[in-house]
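Notes follow once the structure below has been shown.
The values are calculated or read from the model by the stated rules, or taken from the named source; none is laboratory data. Keep in mind that what you see is a predicted model, and the values were worked out from it rather than measured. Here the Cβ positions follow ideal geometry from the backbone for every residue, glycine too, while neighbour counts run over all protein chains shown.
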Amino acid sequence: MPILDAAQLALQVAWSHKLRSFFTLLGIIVSVAFLVAVVAIIQGMNAYVRERIGDAIVGANAFQVRRTPIAVALIDDEEWQAIQRRPIIAPEDVPYVQRALPDAEAIALQSGWPTPQADVVWRDQTVGDVFLFGVTAPFQDVQGYEFAAGDPLTDVDVRERRFVVELGWDVASKLFASPAEAVGEKIRVAGAQLTIKGVVAKKGTVLGQSWDGFVMMPFTTFESLYGRRHTAVISVKMPSAAMVQDGMERAEEAMRIAHGLHPEQPDDFTVDTADALVSFWKRLTGVLFTVIPAVVAIGVLVGGIVIMNIMLMSVSERTREIGIRKAFGATRADIHRQFLAESATLAALGGLIGLVAGLALAGLVAAASPLPARVSLWSVAVALGLGAGAGIVFGVYPAARAARLDPVAALRHE
């Protein structure tokens, strides 16, 4: 029997026993759906972290000089203790970096951890738990902020320690009817009266978390209200992505000079880009990728065993049919090929259904949550290959058993 005819016969048998076929393929369907959906979500998250979170935290074509690395979750206790002994990143370090990077588009200082939160009060209205940041004027260029109303902070605001602020879009929209109405108004933050200088245009959300719920003030004003944080962060924006690596190396050399480090001493600071955050995320998702094959393998194994049992049952039910085919000249190879093709077709059908289910599940997750989902061609190929492969592997024994049937005994079978 030709392969295509055997596949068509397998589909007819599956259609005539729909419920049995469904439960036969359930293990394959679930395993393939799980593989496609989880891989799509993880791949989408990787792209999301790279394209949105990384640029939102660090900035495009930018890097940061930090006391603590971005990827702290995978640092062991000994490394963490060493990091805790590092000196803070201070305003006094900025001139060293500026001299080393005259070609940088912007070099900024921003308040570091811990980031304070406070209520923002305007007349009888209050917005609670707003993040407060102190920055120097170039920080707005590093982050690529655009302004819906008003003007950005200036070097003069920082130098003269002016009590002015920029509002994030969410804060402004909760207090005022429009961004333009906010400009020039006075708000109270942590007991201090501050004048609104501008409103930053909406940046949107990342994983459901708004990036617009903040108040930004001159770095010197921030320090007068909250004192010096445990550390600050120096942000540097280069003219192009190709210049970032060279800029990082020069910034590292400048910071070593600023901190008086000898050649044999390790860095007591970290120079990070958005790639560090992406790498950190990929290391986390890599743990999931080590679990996925085991889960999928168990599902495929269970599904394959079920397919083998069903095929053995089919051989028993069709014993007389096999005897007739052999009586009309079918060889052992023909019978073996027929049942192996039926098993592979049945399993491939399960893989295809699982693929559709996985795509639907990934789309549902993307639509109902902030988690993105991007389907990879390799996961589709693996999904279909798993289905067909399980059918071939677990169909070998039933096919061999059918091929070994004695035609005379098979014809006498009732």
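Computed quantities for the displayed model
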{"quantity": "Sole exception among (1) surrounded by fewer than 17 Cβ atoms within 10 Å (Cβ to Cβ); (2) modelled with pLDDT of 90 or more; (3) over 18 Å from L225 (Cβ atoms); (4) within 27 Å of the chain's Cα centre (by Cα) for F131, by number", "calculated": "(3)"}
{"quantity": "Of all residues in the range 401-414 being at pLDDT 70 or above and part of a loop (DSSP other than H, G, I, E, B), the one that is surrounded by the most Cβ atoms within 10 Å (Cβ to Cβ)", "calculated": "L405"}
{"quantity": "Qualifying residue in the range 96-108 (condition: of a type in the set (D, E, K, R), within 13 Å of M217 (Cα to Cα) and touching a Pro at 6+ places or on another chain (Cβ under 7 Å))", "calculated": "no"}
{"quantity": "Scope the range 86-110; condition part of a helix (DSSP H, G or I) and surrounded by 14 or more Cβ atoms within 10 Å (Cβ to Cβ); matching residues", "calculated": "P91, D93, V94, Y96, V97, Q98, A100"}
{"quantity": "A388 being surrounded by 18 or more Cβ atoms within 10 Å (Cβ to Cβ), outside any helix (DSSP H, G or I) and outside the structural domain of W211 (by TED's automatic domain parsing)", "calculated": "no"}
{"quantity": "Residue in the range 113-126 that is assigned to a loop (DSSP other than H, G, I, E, B) and under 30 Å from G44 (Cα atoms) present", "calculated": "yes"}
{"quantity": "One residue from A47, A7, A14, A37 being at pLDDT below 70, more than 17 Å from A348 (Cβ to Cβ) and assigned to a helix (DSSP H, G or I)", "calculated": "A47"}
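Condition check ((1) modelled with pLDDT under 75; (2) in the same structural domain as L312 (by TED's automatic domain parsing); (3) crowded, with 16+ Cβ neighbours inside 10 Å; (4) not aliphatic (A, V, I, L, M)) across all residues:
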{"residue": "I353", "(1), (2), (3), (4)": "no, yes, yes, no"}
{"residue": "G358", "(1), (2), (3), (4)": "no, yes, yes, yes"}
{"residue": "P370", "(1), (2), (3), (4)": "yes, yes, no, yes"}
{"residue": "R374", "(1), (2), (3), (4)": "yes, yes, yes, yes"}
{"residue": "I392", "(1), (2), (3), (4)": "no, yes, yes, no"}
{"residue": "A399", "(1), (2), (3), (4)": "no, yes, yes, no"}
